[in-house]
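Just below is one structure, and these are the notes that go with it.
The values are calculated or read from the model by the stated rules, or taken from the named source; none is laboratory data. What you see is a predicted model, and the numbers here were worked out from it, not measured in a lab. Ideal geometry is used to build each Cβ from the backbone, glycine not excepted, and the neighbour counts take in all protein chains shown. Protein only, heavy atoms only, side chains kept; ligands, DNA and RNA dropped before computing areas. Shrake-Rupley method; radii C 1.70, N 1.55, O 1.52, S 1.80 Å.
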Amino acid sequence: MKTLVIVTHPDIEKSVINKKWIDELKKYPEKYTVHQLYEAYPDGKINVAEEQKMMESYDKIVFQFPFYWFSSPPLLKQWLDEVILYGWAYGSTSGFKLAGKKMSLAVTAGIDEEAYTASGVYKYTMDELFRPYELTFDYIKADYKEPFVYYGIERDSSDEWINRSVPMYLEFLDNL
């Protein structure tokens, strides 16, 4: 069963971990399909029918992005607003085209995990900050799975730190 990985990174060429993950995923085209939203839609004009058709053809869908102002980059929010539509993804007997599909997030966070605790600098856990995604996926009857978060890139951006994330990310995808 192939996994669709929808990558939303506004400047992938300057990325360290997201770019590395994409490069690794592309080594296994029989297992993963990488779909980069900023590459596909540099003008922000999303082909809704094409996106819906693609989503329908996968049973596992992962949204990969850098944590960006406590959310996703803006194109992912736009994508969700335009693609996850009434009558297709929810709200009617002919809707719920994504029901039962496994969906999750794969997120890179610059700060260490301790910052995302009740006593940390950001006061909230990632699970709390991801509630809108969890609720969205539940609302469309998708099977929301725990997200993969790789912390600490601002503290350590060494090749060793970046490379350490790859097998963990691949294992996460394979075990969805």
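Taking every DSSP helix (H) stretch of at least 4 residues in the chain, weighting each as -39,500 (n - 2.57) and dividing the sum by the residue count yields a mean residue ellipticity at 222 nm of -9500 deg cm²/dmol. Out of all Cα-Cα pairs in segment 1-159, roughly what percent, to the nearest whole number, are more than 23 Å apart? Cα-Cα pairs of segment 1-159 separated by over 23 Å account for 39 percent. When you filter the GluC sites (Glu not before Pro) in segment 109-163 for DSSP loop state and at most 15 other Cβ atoms inside 10 Å of their Cβ, you are left with 154.
Cross-link list 31/53; 14/145; 20/123; 26/102; 14/97: which exceed 27 angstrom alpha carbon to alpha carbon? Long pairs (Cα-Cα over 27 Å): 14/145; 20/123; 14/97.
Accessible area per residue was computed with a 1.4 Å probe on protein heavy atoms; residue 82 scores about 70 Å². In the chain, the portion of solvent-accessible area held by carbon and sulfur atoms comes to 51 percent [1.4 Å probe, whole percent, DNA, RNA and ligands not counted]. Among the trypsin sites (Lys or Arg not before Pro) in segment 1-81, those located in a DSSP loop and surrounded by at most 12 other Cβ atoms within 10 Å of their own Cβ are 26, 27, 45.
Just for the chain, what percent of DSSP beta bridges are antiparallel, to the closest 5? Of all bridge pairs located within the chain, approximately 5 percent are antiparallel.
Summed over the residues of the chain and divided among them, the accessible surface reaches 52 Å² per residue at a probe radius of 1.4 Å.
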